[in-house]
Amino acid sequence: GRRQFSSDLRELPALRSFVLNLCQQAWDTPADELALSQIELALAEAASNVVRHAYEGQPGQPIEVVVEADDQKIAVSLYHLGKGFDPDTVAPPEFSGQREGGFGIYLMRAAMDEVSYFHDEGGRHGVRLVKNRP
């Protein structure tokens, strides 16, 4: 499945629904529920990062979502034209509660089997989230 959304926080629930509907069609047993909720968590974080950081809160910019789902794994890719992201520049989270940020990437990596950042020859940047079926 592939669909374009706008870089508006109010669009994120529709983006999440689109992805989760496709995921639930592919993985529909009770044993899949935890994995699906982990996908939802990572997706929510990734999508809000695109809106807030890549596009710096600027609405009306394109976010293309591509979902590849089969009975073995689910991959969700978010493509955007905003600022690229280098995960190596983000400090690991501090659990002292003193510093904001850092938790998002940590949570995404904890929830998913693979989190990768990329840019393509069309100048787009993106994040790819992969979950293997439990």
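What the table below lists for this structure:
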| read-out | value |
| --- | --- |
| Extreme residue, farthest from residue 6 (Cα to Cα), among residues of the range 49-72 that are under 14 Å from the mean Cα position of the chain (by Cα) and crowded, with 17+ Cβ neighbours inside 10 Å | 67 |
| Residue in the range 90-108 that is polar (S, T, N, Q) and modelled with pLDDT under 85 present | yes |
| Options 46, 75; residue that is buried (at least 21 other Cβ atoms within 10 Å of the Cβ), touching a strand residue (DSSP E or B) at 6+ places or on another chain (Cβ under 9 Å) and either without any contact (Cβ under 8 Å) to a residue 40 or more places away in the chain or not in a loop (DSSP other than H, G, I, E, B) (or both) | 46 |
| Meets criteria (at pLDDT 95 or above and exposed (fewer than 14 other Cβ atoms within 10 Å of the Cβ)) for residue 4 | yes |
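The values are calculated or read from the model by the stated rules, or taken from the named source; none is laboratory data. Treat the numbers as computed from the prediction; the structure is a model and nothing was measured. Backbone-built Cβ (ideal geometry, glycine too); neighbour counts: all protein chains shown.
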